[in-house]
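Peer 1: Provided herewith is a single structure, encoded as structure tokens, for subsequent inquiry.
The values are calculated or read from the model by the stated rules, or taken from the named source; none is laboratory data. Since the structure is predicted, the reported quantities are computational estimates derived from the model, not experimental observations. Quick reminder, even Gly has a Cβ in these numbers, built from the backbone with ideal geometry, and neighbours come from all protein chains shown. Just the protein is used for accessible areas: all its heavy atoms, side chains included, with ligands, DNA and RNA removed. Shrake-Rupley method; radii C 1.70, N 1.55, O 1.52, S 1.80 Å.
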Amino acid sequence: MRSDVRISFIGGGNMASALIGGLAGTLTAGERIHVVDINPASLDGLKQRLGITVAGSIDAAVAESDVIVLSVKPQQMRQVAADVRPHVANQLVLSVAAGIPAAALSAWLDGYRAIVRTMPNTPALIGQGITGLFALDGVSAPQRALADDILRAAGATVWVDDETMLDAVTAMSGSGPAYVFYFIEAMQQAGQELGFTPEQATQLALATFRGATELAARSEEPTPVLRQRVTSPGGTTFAAISAMEQSGVKPAIVAAIHAAAARSKELGEEFGRT
């Protein structure tokens, strides 16, 4: 535990709550975590559950922090940066807002460079997320390690050296859970059409995804080999995969991820105008 680390969160929504839940009592004590949010209900729940300190507006505790986590909506970031700017001195600043380039945030903070931009995903809510991270040149080695420790409270981490790769992270893992849910929906529908109850179809679909992904994670063999082992020529899986290939499922998925990356780039340009 880094018992001396003080962390302030600006914004106490779902992603911040997931991080705080993983940090309190593990990386640092709950009372050394401070959350600023305009929603009293969110603050009260976090305070009662985790023993953190809270405030309805940016206060002196933010200036005394070692880390400031900006966890607000992209369209709110410019104003939040302006509000927090007088309190920024030597802290590590973590941005959890999608689409805001680190350079834009730096400009809004009067050229401050100790900034790490992150892109987590929603499985962080159960500690099973994965986060892409990019650091500006003002981030020290200890601050980089601290940023990694903080985001690991929500799952795995992947660092990129080129910030534009965060658009690809957004397309792959940021939006990725929706692709999985979409496929599960299709399996549930097919299961019900084949005669299962909704509960049975859901159980079968979820258990299949859970088991297959865990098998892929544990196996030393690549996923195409794992797929081929299930796909006997002329068998049931072969019929299913053939139907998917005839419908262009794989190219459609690849195209969808490229579309998400392009949209992420567009949003960055829109929200990040300085």
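Peer 1: Scan the helices (runs of 4 or more DSSP H) fully inside segment 120-194 and keep the ones with 2 or more residues being within 23 Å of Ala103 (Cβ to Cβ) and at pLDDT 95 or above.
Peer 2: Filter on segment 120-194 gives 141-151, 165-169.
Peer 1: Would you check if there is a residue in segment 175-193 being in contact (Cβ under 8 Å) with a residue 24 or more places away in the chain and of a type in the set (D, E, K, R)?
Peer 2: Looking for residues that are in contact (Cβ under 8 Å) with a residue 24 or more places away in the chain and of a type in the set (D, E, K, R), one finds none in segment 175-193, hence no.
Peer 1: Just to be sure I understand the filter: pairs with C-beta atoms under 6 Å, separated by 6 or more residues or on different chains, first member in segment 199-212 and surrounded by 13 or more Cβ atoms within 10 Å (Cβ to Cβ), second member assigned to a helix (DSSP H, G or I). Which pairs pass?
Peer 2: As it stands, the answer is Ala201/Gln188; Ala201/Gly191; Ala201/Gln192; Thr202/Gln188; Leu204/Gly191; Ala205/Ile184; Ala205/Met187; Ala205/Gln188, since those pairs meet every condition given.
Peer 1: Select from segment 103-125 the residues that are out of contact with any helix residue (DSSP H, G or I) (no Cβ under 8 Å at 6 or more places or on another chain) and over 19 Å from Ser8 (Cα atoms) and list them in ascending order.
Peer 2: Ala103, Ala107, Gly111
Peer 1: Which members of segment 180-198 meet the condition of being of a type outside the set (S, T, N, Q) and surrounded by 15 or more Cβ atoms within 10 Å (Cβ to Cβ)?
Peer 2: Those that are of a type outside the set (S, T, N, Q) and surrounded by 15 or more Cβ atoms within 10 Å (Cβ to Cβ): Ile184, Met187, Gly191, Phe196.
Peer 1: A further question follows. What do you reckon, is Ser140 closer than 30 Å to Tyr112 by Cβ, hydroxyl-bearing (Ser, Thr, Tyr), over 20 Å from the mean Cα position of the chain (by Cα) and open to solvent by 40 Å² or more (accessible area, probe 1.4 Å)?
Peer 2: Here the answer is yes, as Ser140 does meet what is asked.
Peer 1: Out of segment 223-242, which residues are surrounded by 11 or more Cβ atoms within 10 Å (Cβ to Cβ) and not in a helix (DSSP H, G or I)?
Peer 2: Thr231, Gly235
Peer 1: Can I ask one more? Can we say Ala55 is open to solvent by less than 10 Å² (accessible area, probe 1.4 Å) and on the phi < 0 side of the Ramachandran plot?
Peer 2: Judged against the criteria, Ala55 is not a match.
Peer 1: Give segment 90-103 a look and list any residue that's farther than 13 Å from Asp167 by Cα, in contact with a Lys or Arg (Cβ under 7 Å, 6 or more places away or on another chain) and in contact (Cβ under 8 Å) with a residue 40 or more places away in the chain, or say none.
Peer 2: Correct list: empty.
Peer 1: Then there is this: Considering segment 169-204 alone, what residues qualify as being of a type in the set (S, T, N, Q) and under 30 Å from the mean Cα position of the chain (by Cα)?
Peer 2: Across segment 169-204, the qualifying residues are Thr170, Ser173, Ser175, Gln188, Gln189, Thr202, Gln203.
Peer 1: Has segment 69-78 got any residue that is touching a Phe, Trp or Tyr at 6+ places or on another chain (Cβ under 9 Å), buried (at least 20 other Cβ atoms within 10 Å of the Cβ), without any contact (Cβ under 8 Å) to a residue 60 or more places away in the chain and not acidic (Asp, Glu)?
Peer 2: Within segment 69-78, none of the residues are touching a Phe, Trp or Tyr at 6+ places or on another chain (Cβ under 9 Å), buried (at least 20 other Cβ atoms within 10 Å of the Cβ), without any contact (Cβ under 8 Å) to a residue 60 or more places away in the chain and not acidic (Asp, Glu).
Peer 1: Would you be able to tell me the number of residues in segment 98-119 that are in a loop (DSSP other than H, G, I, E, B), more than 19 Å from Ser65 (Cα to Cα) and hydrophobic (A, V, I, L, M, F, W, C)?
Peer 2: Matching residues across segment 98-119 total 2.
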